[in-house]
Structures are given as C-alpha cells and as structure tokens.
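*Asks:* Quick one: structure below, then a few questions.
The values are calculated or read from the model by the stated rules, or taken from the named source; none is laboratory data. Everything numeric in this text was worked out from a predicted model, so none of it was measured. Virtual Cβ from ideal backbone geometry, glycine too; neighbours counted across all protein chains shown.
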C-alpha cells in the first residue's frame, strides 16, 4: 500500500494505517533524537522516542497533501515537538530541583560551593507545623545554595562556623588563620550577600 493511501486511511481513523505510517518514520524519529543530541538532555530516551511518535501522529492528522511532501512536513513537526517536549521537561526539572531540600540522614544541609565542593551544615529547626517546616527548610536551603555560590571556600567555612555561634577568635583558631583574616572575610561576606 502506498503512503498516500495509508495517510488517507490513517486520517480517517484507521488505527492500523496510522500505526504503519508511524512505524515507517520510526528511523527518522530515532535519527532526529540522536542527531540533535536531544537524548543527552533527558533521562529517558524512550520518552523522547514516544514524543517523536506523538509528533508523527499529529503530523498525520494535520497533513494537507496540497502543501508539501509528507516526509518534509513530518520532519518539521517532529523537530518542533521534540523541542517543545524538552522545554517542558527542563521547566519541570527546574521546578523539582528548586523544591528539593538537600538534607542528609544526619539532619545536615548539603551545600555545594562555587568550586563544586560539598559541605554539610548541622541543621535543626523549631517549627510549629510540618508544612511550615518544609517551607522554611526549602527557603533556607535555597539561601545557603545561593550564598555558597557567591563566597570563596574560606569565606564559606568562616560563615558556617559563625552560623554555629563561634566567636571570631574561635573561628581563627579552628581554621588556623589570623583573627584579622576572619574579620576581613566577614566584611567581604556581608558585602557579597548584602547584609
């Protein structure tokens, strides 16, 4: 059966014809997913393939034989659908990541500095309700992440010790640096994080 007949039958609701057309373009879908590198942005290659198949179905339903060849039309529809799918996926991932609280089993907040080093800050909160605790934990976690990106490793270490209640002399002794270095670092920290 030729492609025009299959397309016409698929558009009229013939499931077999529709599946056959999609199957005929499976290699095109796969090549687009791989060639554009889309699969590197998604955890699930099969989800991208499914988005491509859905694009092929949409192309079948929207195709007008008088406008262009179906192969050209379906190629553009697949490209657009994959791009839209990845935008939605990245938006969803960003929302999920921003809602995540990096607290380990010991009740410590995980903080990643601008150099990529991971530190842990003991965290305890006195919260009235579970909902308020989650919101406060998320807010604090976000703030600590942002601060960690703005400070040098030494400044971040000094800030952690200051937040634990240590005095400048205790911080200096703990880090084996001069008290003046601690004072200067605290001044830079205030400037960098606008406090």
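*Asks:* Across the stretch 156-195, what is the total count of residues that are exposed (fewer than 12 other Cβ atoms within 10 Å of the Cβ) and modelled with pLDDT of 85 or more?
*Replies:* Total satisfying the criteria: 6.
*Asks:* Give the residues of the stretch 51-76 that are free of Cβ contacts under 8 Å to residues at least 60 places away in the same chain, in contact with a helix residue (DSSP H, G or I) (Cβ under 9 Å, 6 or more places away or on another chain) and not in a helix (DSSP H, G or I), sorted by residue number. Break it down into steps so the answer makes sense when it comes.
*Replies:* As a first pass, look at the stretch 51-76 and keep what is free of Cβ contacts under 8 Å to residues at least 60 places away in the same chain: 51-64, 66-69, 71-76.
From what's left, in contact with a helix residue (DSSP H, G or I) (Cβ under 9 Å, 6 or more places away or on another chain): 51-64, 67-68, 71, 73-76.
Selection gives 63, 64, 67, 68.
*Asks:* Can you give me the number of residues within the stretch 25-46 that are surrounded by 15 or more Cβ atoms within 10 Å (Cβ to Cβ) and either part of a helix (DSSP H, G or I) or modelled with pLDDT of 85 or more (or both)?
*Replies:* Final tally of qualifying residues: 8.
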